[in-house]
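The values are calculated or read from the model by the stated rules, or taken from the named source; none is laboratory data. In this text the structure is predicted, and so the values were computed from the model without any measurement. When we count neighbours, we look across all protein chains shown, and the Cβ atoms used for this are built from the backbone with ideal geometry, even at glycine.
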Ligand code: ADP
């Protein structure tokens, strides 16, 4: 496991489930069904993205076309082939500076699902020289799943640049001497990157042109990053995340010299297209029934359920499966090959429901996911709210302007307090699903 994975999962202190088996209130369940199912919330309307991209208040807004961002024609062809029409705000703001000479360092923040990945991948693909056979661009991601996803997007973007070799430095990759010369761009998890730099000397950091940290706020204080980032003369360093608390940015500025910075205010972090709701189940069995009811909602495409511990995730998935809800479970203690096959099946929509832990809270981009359920609110070890994880988890729905719901539960006083603190922290509203008077979701 990478450090972050360990840390992400370590945070996940298990909480007792209680053992009450009263039947759920039928009226409440019916109201909830009406609330989510009957609203048309999850419709994807024709031309809606275009409308959002023309709205100056949207993070997807842009005034420029891709042709105005100093990208090569081959890259622009690749982008159009992926179905991108116009850049998002972060792409429009960051890219002209990122691909200009001399290269600049950047610390960039943008909301979940607004196209950060494309921004840094286009930078790497603009800088790489396929005639030089060594790793020139290295991107670190906190988990194996995210590294794989980034690599796949990179390959699609580079569809018209077949001479550029894109590879992985993750635990399942068997390193060979050839890996060094074979790949111009490597997408890596931190522990493996550290091994390839320091132990096997497959990656020569001194020759790197671009070094990217995706989900930079969790990667930057890791030992692996510190160890491999000591010698980076003339290398462009890019830090991207949806969350950057002030102390992290201050620290980042000391590590990344003279970085241009794009920051957001906390109140800008939650997205209008993503509706945040909570329910108050009277007991654990009603909570379980609320979850299963949500699965049956009209309009639900795919759903991710986040648990606080691996054990809890397994128990919940077993119960769901035995009750006939076809579902998958993925957590950090599973074999990497199993993780790979599960995320592939989920990505291919073979199964609609995925039960998981914080290991998948960040970065995973699956367009069809439109409901995220917090089986429990994310908490730190002292049970105070884990604000960043909350934001990242719900950000698995509502990708690039699509509509989505983040559903949480308030079971006890701690949940109540934490939910209010999350609202306050992000200056947002998490609507209570009042069963007698359902809020309008549209
Ligand atoms: P982030 O890294 O900010 O969370 P991603 O880069 O994963 O977001 O982008 C979210 C989704 O939006 C992806 O499916 C990506 O393919 C898509 N996307 C990114 N940029 C554009 C664009 N300019 N136009 C249309 N879709 C885009």
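Quick notes on this structure:
- Pair list, Cβ under 9 Å, 6 or more apart: segment 74-87 residue free of Cβ contacts under 8 Å to residues at least 40 places away in the same chain and under 17 Å from residue 48 (Cβ atoms), other residue outside any helix (DSSP H, G or I) and near the ligand (Cβ under 6 Å from one of its atoms): 84/115
- Some residue of segment 66-84 being part of a loop (DSSP other than H, G, I, E, B), farther than 25 Å from residue 404 by Cα, away from the ligand (no atom under 16 Å from the Cβ) and modelled with pLDDT of 70 or more: yes
- Only one of the numbered conditions (1) surrounded by 21 or more Cβ atoms within 10 Å (Cβ to Cβ); (2) over 18 Å from residue 347 (Cβ atoms); (3) within 21 Å of the chain's Cα centre (by Cα) is violated by residue 154, and that is (2).
- Residue within segment 151-158 that is in contact (Cβ under 8 Å) with a residue 24 or more places away in the chain, in contact with a strand residue (DSSP E or B) (Cβ under 7 Å, 6 or more places away or on another chain) and in a loop (DSSP other than H, G, I, E, B) present: yes
- Restricting attention to segment 119-149 and to residues that are under 20 Å from residue 241 (Cα atoms) and more than 16 Å from the ligand (Cβ to nearest atom), the residue that is surrounded by the fewest Cβ atoms within 10 Å (Cβ to Cβ) turns out to be 144.
- The set of residues in segment 91-118 being away from the ligand (no atom under 11 Å from the Cβ) and assigned to a strand (DSSP E or B) consists of 106, 107.
- Top-ranked residue of segment 420-440 - restricted to ones that are at pLDDT 90 or above and not in a helix (DSSP H, G or I), ranked as farthest from residue 245 (Cα to Cα): 432
- Just one residue in the set 250, 268, 258, 314 is more than 30 Å from residue 90 (Cβ to Cβ) and surrounded by fewer than 19 Cβ atoms within 10 Å (Cβ to Cβ); that residue is 314.
- Of the strands (runs of 3 or more DSSP E) that lie entirely inside segment 286-389, those containing 2 or more residues that are more than 16 Å from the ligand (Cβ to nearest atom) and more than 19 Å from residue 143 (Cβ to Cβ) span 369-374.
- Test for residue 91: is it closer than 30 Å to residue 426 by Cα, in contact with a helix residue (DSSP H, G or I) (Cβ under 7 Å, 6 or more places away or on another chain) and modelled with pLDDT of 95 or more: yes
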